[in-house]
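Shown next, in structure tokens, is the structure this report addresses.
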Amino acid sequence: MTMLEENRTVPAPARRTATVTMAAALNAALRDAMAEDPRVVVYGEDIGALGGVFRVTDGLQAEFGEGRVWDSPAAESGIVGTAIGMAEYGLRPVVEMQFDAFSYPAFQQIASHLAKLGSRTKGRLRLPVVVRIPCAGGIGGIEHHSDSSEAYWAATPGLTVVTPSNPADAYSMLREAIASDDPVIFMEPKSRYWMSEELALPVQTLPMTKARVVRSGSDVTLIAYGSGVKVALDAADAGAEEDLSVEVVDLRSLSPFDDETVCASVRKTGRAAVIHEAPGFGGFGAEVAARLTEREFFSLEAPILRVTGFDIPFPAPKLEQYYLPNAERVLAALDTWEW
Amino acid sequence: MTDNDVVVTGSARPAPKPIALIDESGSAVAGEATGGFGMPPVEVLLELYRQMVVVRRFDVQVTKLTRQGRLATYAPALGQEACEIAGVAALAPQDWLFPSHRDTVAMLARGIPPQGVLAFFRGDWHSDFDPKQHRVAPLSVPLASHVLHAVGLATAAKLSGDPVVALTFLGDGASSAGDAHEALNFASTWQAPTVFVLQNNHYAISVPLSHQTHARSFADRAAGYDMPGFLVDGNDAAAMYAVISQAVERARAGGGPSLIEGVTYRIEAHTNSDDPTRYRTADEVEEWRRRDPIARLETYLRASGALDDAFAQRAATEGEELAARTRDLMNAEARVDPLELFDHVYAAERPALRAQRDLLARELADAATGGQR
């Protein structure tokens, strides 16, 4: 019996209701995907015995063995490069980059091969690889532990780039990412790992490529993703106290982009602001603003705003609170409009 | 500045003598110089000879077609046929080959038709053959990046319990890239059934070996990864075949990866856009022409009575036929479909791409009707 055959008789996942953190939801998604499909393997730095620095892979090695879950050498280009070869052979690797900025050594493998091999071979090779990237700041991380790299990936054709903002989406979207025949950059906002909600797993939410209106409102649309969704919801709460009716759209997927849902919201409210942690200059918000301007110019009552990180390298832990967008900064930005 | 110039001398230590089975004069090598490797069976040597003759004719033809403007570019393997052919000949059908940009003739020897291996160089598409059918990955341009793919595939095969080996070619230039180290280390750590064949052809475009490394041999690196390493005369097809075959079978049997350095020489320019007279002498090239891998094997086989004029003629004729077929294929206009640009980027449907495809389709339709809307 080979290592891959050992786990083929694991029963289908049972429903269970509990308070679930995002980290636990991701863990459950990995476990259920591995139980269901023997081709799914998980590797990266410290993801075995330690269970990952954020414990997202906790217990998986004990359950599935070192033939399915293992610690790799500490080299991200090697991790993604070997995942490409594994996918060419028919496995479905899920690899972890540990921290956002640690993914940069893998940039060539992702941009030049993972994203392009499908097109390069006229679809004769498909690479069902999931690259999990714990991303963004807000956890007091030292330098290189808090970057937001989504604009690089979203600008690369061939990749699907998604990011959950809550435990239910985290489970559902990771399952869908692993089942996808296309390579998926799966960005996990670190500051939301410990957010919890009552959940019965397994759970299936909207398809991962769809945006979702997470709060309905009529005056303005806040467009956010990942960690920015919490900021947008906080701003909506604060706005409500000032009789401002705020709609919040969680993009969930950056590539592909759900124009339909976002445009429908802006048609309704007539005003839009985009929120993200990454610097505004050349950031993903620019794409959102451009798309909305092209499509909904005549629905707009005011210029589209961006409330983002400053155009500086991500700061040291004691300074990150001044850098990160928050509800106050969002509302102050909305005040710059003529109402 | 003069006191602090980067002084490039190469290693002060003499390189070990490469393993050889047939020397430059075509005589069998005896004793220590063989590294303990035995001469491959004569039918294997004849097959290596035949394939080298055929692919050289192909290679020369493609270089000419490129100069005539029929291909966008081409990276010739002239002079490196022993490495290319021995590497492929050592593989079983289920094994995989991960080529670099200079390994077109190895891909051809693996059974991919000329139009399949040349689509990239003609500019029809980045790759146009079925990797799974031939167990050959698309050729890879970014140096050493593909070597990691070989390690990954070999590891997947090992995890699946399949007796599959991945062989990958890289060059002296690629040896400097970080991915080369990562691949060797991952392969060693995971004991992946991978065979690394480093063709040391002495130049990365114009940059000579002495500016690439101070080390006396790339094969020495194997010790640091605790894997077998062999420095081999890369113009000796018999030795390359013997060493690579042993490495392939060791990997298949669970013995892990090997690193094999074939010392060879790029006789031609890097590509048609290169001018080697700017960085190397004609004498140097002539010196390496005297060590030609095909002439050497032919001399040996003729002396032993295994090769006669009829065999040599058949191989030459086969090469001519392939060259003629290649000329016909490359002189015919390439059929490219602009609308196919959008078809393979994703497995999943993308509405945004469908819209862009429609846009291009309208442009094409407008152009076809003389711009009338």
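Quick note: the coordinates plus some simple rules give every number you see, no bench work behind them. Keep in mind that what you see is a predicted model, and the values were worked out from it rather than measured. For neighbour counting, all protein chains shown are included, and Cβ atoms are generated from backbone atoms with ideal geometry for every residue, glycine included.
Consider region B:147-167 and keep the residues that are at the interface with chain A (Cβ under 8 Å from one of its Cβ atoms) and not hydrophobic (A, V, I, L, M, F, W, C). The one that is surrounded by the fewest Cβ atoms within 10 Å (Cβ to Cβ) is B:Gly161.
The residues of region A:60-71 that are within 24 Å of the chain's Cα centre (by Cα) and either surrounded by 23 or more Cβ atoms within 10 Å (Cβ to Cβ) or at the interface with chain B (Cβ under 7 Å from one of its Cβ atoms) (or both) amount to a single one, A:Val69.
Step by step: first the residues of region B:249-282, then only those that are touching a strand residue (DSSP E or B) at 6+ places or on another chain (Cβ under 6 Å) and of a type in the set (Val, Ile, Thr), then the one that is nearest to B:Ala156 (Cα to Cα). Which residue is that? Among those that are touching a strand residue (DSSP E or B) at 6+ places or on another chain (Cβ under 6 Å) and of a type in the set (Val, Ile, Thr), it is B:Ile260.
Screening B:Asp95 against (1) in contact (Cβ under 8 Å) with a residue 60 or more places away in the chain; (2) at the interface with chain A (Cβ under 10 Å from one of its Cβ atoms) leaves a single unmet condition, (2).
Anything in region A:107-151 that is hydroxyl-bearing (Ser, Thr, Tyr) and within 7 Å of chain B (Cβ to nearest Cβ)? List them, or say none. Hits for region A:107-151 are A:Ser112, A:Ser119, A:Thr121.
If you go through region B:246-275 and keep only what is surrounded by fewer than 24 Cβ atoms within 10 Å (Cβ to Cβ) and closer than 11 Å to B:Thr194 by Cα, you end up with B:Val248, B:Glu249, B:Arg250, B:Arg252, B:Gly254, B:Gly255, B:Gly256.
Of the numbered criteria (1) free of Cβ contacts under 8 Å to residues at least 60 places away in the same chain; (2) farther than 12 Å from A:Tyr43 by Cβ; (3) buried (at least 24 other Cβ atoms within 10 Å of the Cβ), the one A:Tyr104 fails is (3). So which residues in region B:186-245 are small (Gly, Ala, Ser), surrounded by fewer than 19 Cβ atoms within 10 Å (Cβ to Cβ) and touching a Gly at 6+ places or on another chain (Cβ under 6 Å), if there are any at all? If the condition is that a residue be small (Gly, Ala, Ser), surrounded by fewer than 19 Cβ atoms within 10 Å (Cβ to Cβ) and touching a Gly at 6+ places or on another chain (Cβ under 6 Å), then B:Ser210 is the only one that fits.
Taking region A:218-285 and the strands (runs of 3 or more DSSP E) fully enclosed by it, the elements with 1 or more residues that are more than 20 Å from A:Phe186 (Cβ to Cβ), more than 14 Å from the chain's Cα centre (by Cα) and not acidic (Asp, Glu) are at A:220-224, A:246-250, A:272-279. Is there a residue being buried (at least 19 other Cβ atoms within 10 Å of the Cβ), out of contact with any strand residue (DSSP E or B) (no Cβ under 7 Å at 6 or more places or on another chain), on the phi > 0 side of the Ramachandran plot and not β-branched (Val, Ile, Thr) anywhere in region A:155-169? Scanning region A:155-169, I find at least one residue that is buried (at least 19 other Cβ atoms within 10 Å of the Cβ), out of contact with any strand residue (DSSP E or B) (no Cβ under 7 Å at 6 or more places or on another chain), on the phi > 0 side of the Ramachandran plot and not β-branched (Val, Ile, Thr), so the answer is yes. Which members of region A:307-323 meet the condition of being farther than 20 Å from A:Ala289 by Cα and hydrophobic (A, V, I, L, M, F, W, C)? If the condition is that a residue be farther than 20 Å from A:Ala289 by Cα and hydrophobic (A, V, I, L, M, F, W, C), then A:Ile312, A:Phe314, A:Ala316, A:Leu319 are the ones that fit. The combined condition, being more than 29 Å from B:Leu118 (Cα to Cα) and of a type in the set (Gly, Ala, Ser), is not fulfilled by A:Gly123.
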